[in-house]
Amino acid sequence: MAYRHRRTHIGLVGIIYLVIGLFVAWDRGYITPELLGKLLSAVLAVVLWFLVLLGVDLTIDT
């Protein structure tokens, strides 16, 4: 018996929808450079958690 793997594809329409949403959020002030800096700092802290434990400051200043 063969098993089929179900994959979810976002598709071109979904990508266009998300890009337009990002543009509108940026234009209306929901996404700011400060927010992007905080988000990048958080992602770096999660990925490089061992450096955080060693005292390295991964804060991105904008």
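The values are calculated or read from the model by the stated rules, or taken from the named source; none is laboratory data. This is a predicted model, so every value here is computed, not measured. We place every Cβ from the backbone using ideal geometry, glycine too, and count neighbours over all the protein chains shown.
Figures for the structure shown
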quantity: Selection count where residues are at pLDDT 95 or above and of a type in the set (Gly, Ala, Ser), scope the stretch 11-28; calculated: 2
quantity: Extreme residue, surrounded by the most Cβ atoms within 10 Å (Cβ to Cβ), among residues of the stretch 6-62 that are of a type in the set (Ser, Thr, Tyr) and in contact (Cβ under 8 Å) with a residue 12 or more places away in the chain; calculated: 41
